[in-house]
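**Student:** Mind having a look at this structure? Questions to follow.
The values are calculated or read from the model by the stated rules, or taken from the named source; none is laboratory data. Quick caveat: nothing in here was measured; it's all calculated off a predicted structure. Cβ: placed from backbone, ideal geometry, glycine included. Neighbour counts: every protein chain shown. Keep in mind that these areas ignore ligands, DNA and RNA; they rest on the heavy atoms of the full protein, side chains included. Shrake-Rupley method; radii C 1.70, N 1.55, O 1.52, S 1.80 Å.
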Amino acid sequence: MDIYSLCLYLCCVYLSAAQRYEPTWESLESRPLPSWFDEAKLGIFMHWGVFSVPSYSAVWFWNYWKNGHKDINNFMKRNYRPGYTYADFAADFKTEFYDPKRWAAILQASGAKYVVLVSKHHEGFTNWPSNYSWNWNSYDTGPHRDLVGELATAVRETTDLRFGLYHSLYEWFNPLYLKDKENNFTTQNFVKMKTMPELYELVNRYKPEVIWSDGDWEASDSYWMSKEFIAWLYNDSPVRDTVVTNDRWGRGDMCHHGGYLTCSDRYNPKTLQKRKFENPMTIDKNHWGFRREANIEDFYTSKELISTFAETISCGGNMLMNVGPTSYGTIQPIYEERLLQFGKWMKINEEAIYKSKPWTTQQDYATNAWYTMQKTTSGTNVYAILLDWPDKNYLYLNAPVASSSTSITMLGYSGYFSYSKVQPSGINITLPVISFSKIPSTDAWVFKLTDLKN
């Protein structure tokens with residue numbers, strides 16, 4: 001080896017070593033967020049488990065029942081024999097109509113760029129044949145299938161989505177966890193024998209590019225050994241170059257520490273954030289899982305979903321939109337319709353969405369519009385996502401400052417819009433009469449503004 005090659009080799013070794021992350025938040029948070037995540041903007045969350053069998057009051061069913069929730073107790077008395085246990089529900093989690101390729105096609109059509117499937121919720125049931133959840137997993141009981149693996153394969157083989165997994169650190173009624181809790185978390189038997197082995201198993205077997213942690217809030221990240229796991233994830237795991245993590249790794253971490261922030265369920269700050277965030281929200285207005293008792297008014301309309309999405313991405317966030325599959329393995333028509341409606345709108349307006357950045361202004365207070373921008377080789381394009389069509393024949397936007405070469409178009413509609421400058425700032429866009437057959441959407445409209453002064 002000549003001296004040049006040796007120097008080059010030693011330099012590569014040094015850089016490789018320099019890029020390793022230590023199990024401290026300071027070190028872990030110095031890792032740049034993989035660019036694909038910010039560019040994606042939209043993900044789909046899927047809450048699926050044994051709770052999908054009673055499909056009543058959704059995912060916290062067992063916890064509510066165990067703690068004497070009156071409504072749940074009455075539901076069980078009316079519909080199930082005396083002595084029925086939560087474990088008995090697992091046999092009916094059959095997923096007999098589960099077609100992962102059909103799910104993947106629906107996900108692709110939604111316009112999402114990643115999916116996060118619940119691998120294990122707080123009930124402890126794993127949707128894969130885990131070596132650490134004997135007889136309480138989807139292969140030993142219920143469907144006798146690897147639900148996680150089948151969807152991972154379908155998504156990767158038939159779509160351009162990234163595959164991610166939700167995993168709950170704690171389990172409500174696991175004896176190992178309850179004993180650690182009784183010991184004020186001075187012991188870590190549950191973490192060392194259950195939680196951490198599961199996480200390493202999931203990553204090594206399925207290579208998820210999103211690790212969506214939850215169930216962390218009762219104990220510190222030191223108890224959960226979270227930082228050690230994330231350091232391995234970033235340094236040595238098979239997804240070290242592309243994986244992203246959220247902020248639910250221990251009591252007090254949420255909204256402070258992690259790869260990106262969620263801060264709370266349905267987090268929609270409506271102001272520009274300093275760090276990348278995600279808004280995990282639900283199509284069902286109040287619940288995460290499929291509910292048999294749900295009514296049509298319990299679901300957000302496509303317009304409401306698009307509005308929340310516009311607010312979220314304008315402020316620098318992603319939206320993780322949740323659906324709840326059934327115990328028999330289908331995505332109900334109401335969920336499918338919302339996903340397809342969303343995807344149709346995304347297809348028209350993708351230029352304003354994917355890889356976009358927040359503009360200098362987020363919300364235009366003169367009207368119900370939210371902004372994004374894209375930098376191009378010829379300048380910056382600004383996009384105003386209009387959520388309410390004006391009653392008048394013009395649209396006033398307060399934030400843009402037009403130049404002599406500014407042009408205005410609407411995505412999905414041919415032709416340019418005339419406008420006039422307003423002093424001291426803003427523009428009036430003349431709105432022609434547009435026939436119903438030519439209007440690109442009835443939910444929200446995106447105006448593209450080029451060559452602005454600001």
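**Student:** What percent of all Cα-Cα pairs in segment 270-335 falls in each 10 Å bin, counting up from 0?
**Tutor:** Result returned by the calculation: 20, 45, 26, 9, 0.
**Student:** For segment 182-302, what value does the Rg/Rh ratio take when both radii are computed over Cα atoms and Rh is the Kirkwood radius, given to two decimals?
**Tutor:** Using Cα coordinates only, the ratio equals 1.03.
**Student:** So with the 1.4 Å probe, I'd like the accessible area per residue for segment 25-351, rounded to whole Å². Walk me through the intermediate numbers first.
**Tutor:** Numbers: 12570 Å² over 327 residues.
Each residue of segment 25-351 exposes 38 Å² on average to a 1.4 Å probe.
**Student:** Note down the relative contact order for segment 25-351 as a percent, whole number, built from C-alpha pairs under 8 angstrom at least six residues apart.
**Tutor:** Values: 615 pairs, mean separation 80.1, N = 327.
Once divided by the residue count of segment 25-351, the mean separation gives 24 percent.
**Student:** What number comes out for the charge environment of residue 387, summing +1 per Lys or Arg and -1 per Asp or Glu over other residues with Cβ under 11 Å away?
**Tutor:** Numbers: positive: 303; negative: 304, 311, 364, 388, 443.
Its environment carries a net charge of -4.
**Student:** Taking the Cβ of residue 64 as the centre, find all other residues whose Cβ is under 11 Å away and add up their charges (Lys, Arg: +1; Asp, Glu: -1).
**Tutor:** The answer is +1.
**Student:** Pop out the ³J(HN,Hα) list for segment 448-454 in order, Karplus 6.51 cos²θ - 1.76 cosθ + 1.60 with θ = phi - 60°, rounded to Hz; leave Gly and Pro as x.
**Tutor:** So the Karplus estimates, Gly and Pro as x, are 9, 10, 10, 6, 6, 7, 10 Hz.
**Student:** When DSSP beta bridges are limited to those with both residues in the chain, what percentage is antiparallel, rounded to the nearest 5?
**Tutor:** Of all bridge pairs located within the chain, approximately 50 percent are antiparallel.
**Student:** Can you work out the Karplus-derived ³J(HN,Hα) for every residue in segment 429-439? Use 6.51 cos²θ - 1.76 cosθ + 1.60 with θ = phi - 60°, whole Hz, and x for glycine or proline.
**Tutor:** Computed from phi, the couplings for segment 429-439 are 9, 6, 9, x, 6, 10, 5, 4, 6, 9, 5 Hz.
**Student:** Under a Cβ-Cβ cut-off of 15 Å, what is the net charge of the residues other than residue 95 that fall near it, where Lys and Arg count +1 and Asp and Glu count -1?
**Tutor:** Residues near residue 95 contribute -2 overall.
**Student:** Per residue, how much accessible area does segment 357-452 show when a 1.4 Å probe rolls over the protein heavy atoms, in square angstrom? Display every interim value, and only then the final one.
**Tutor:** Numbers: 4830 Å² over 96 residues.
Averaged over the residues of segment 357-452, the accessible area is 50 Å².
**Student:** Expected output is a single nm value to one decimal: the length gained when fully extending between residue 295 and residue 158, i.e. 0.36 nm times separation in residues minus the C-alpha distance. What is it? Intermediate values should be presented prior to the final figure.
**Tutor:** Numbers: separation 137, 0.36 × 137 = 49.32 nm, distance 3.31 nm.
Extra length available between residue 295 and residue 158 comes to 46.0 nm.
**Student:** Mind ranking 46, 254 by accessible surface for me, highest first, 1.4 Å probe?
**Tutor:** Details: 46 0, 254 70 Å².
Descending accessible area places them as 254, 46.
**Student:** Report, as a whole number in µm² per second, the diffusion coefficient that Stokes-Einstein gives for segment 357-452 at 37 °C and 0.692 mPa s using the Kirkwood radius over alpha carbon pairs.
**Tutor:** Reported coefficient: 241 µm²/s.
**Student:** If you don't mind, another one. Using a 1.4 angstrom probe on heavy atoms only, work out the carbon and sulfur share of the accessible area of the chain in %.
**Tutor:** Numbers: 10370 of 19960 Å².
Looking at the chain in its full context, I get 52 percent from C and S.
**Student:** Near the amide H of residue 263, under 5 Å away, which other amide H atoms are found, from residues 5 or more places off or on another chain, if H is placed in the peptide plane?
**Tutor:** 255
**Student:** Right, something else. Quick one: go through segment 252-271 and flag any residue whose amide nitrogen is under 19 Å from the point 7 Å out along the Cα-to-Cβ line of residue 29.
**Tutor:** 252-265, 269
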